[in-house]
1. What pairs can you find where one residue is in the range 67-81 and in contact (Cβ under 8 Å) with a residue 60 or more places away in the chain, the other is in a strand (DSSP E or B) and of a type in the set (Asp, Glu), and their Cβ atoms are less than 7 Å apart, with a gap of 6+ or different chains?
2. Search the range 72-108 for residues being farther than 19 Å from Ser12 by Cβ and of a type in the set (Gly, Ala, Ser), and hand back the single one that is surrounded by the most Cβ atoms within 10 Å (Cβ to Cβ).
3. Do you know which residues across the range 55-75 are among the charged types (D, E, K, R) and either at pLDDT 95 or above or more than 15 Å from Ser32 (Cα to Cα) (or both)?
4. Search the range 34-62 for residues being touching a Gly at 6+ places or on another chain (Cβ under 7 Å) and among the polar types (S, T, N, Q), and hand back the single one that is farthest from Phe81 (Cα to Cα).
Amino acid sequence: MRSFLYRHPRFSTNVRMDMIVRDNVILGVCQSLSESGLRGTFSHAVPVGAEGFVTLYHEQERFQVKAVVDAIYEDEARVSFRFESNEERESLRRFMRLLFPDVLSFQS
């Protein structure tokens, strides 16, 4: 029997973000987003394994979650979210419905 790994759908985006690592705030742009993480670029190098808080911005809304940099490919960082509660996960879903209302409006 085959074992299939489920991957959350990724959505292309172009939203501002930053990542707080220790005392540093690193600005960036999120290029794709899923319920498990994001792919984006930062204004300064962020090392693989760096942990901190990522904040995504859309109009007057923002979403912040603990995250870790999993990999760097060329100038793009792959970042996974580290949810501390179901409320944080639901907060991300609400934020994603703001970004992608036509695609995610059927989900609640």
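1. Close Cβ pairs satisfying both conditions: Val79/Asp70.
2. Ser91
3. Matches in the range 55-75: Glu59, Glu61, Arg62, Lys66, Asp70, Glu74.
4. Ser43
The values are calculated or read from the model by the stated rules, or taken from the named source; none is laboratory data. It should be emphasised that the depicted structure is a prediction, and the values quoted were computed from it without experimental measurement. Cβ: placed from backbone, ideal geometry, glycine included. Neighbour counts: every protein chain shown.
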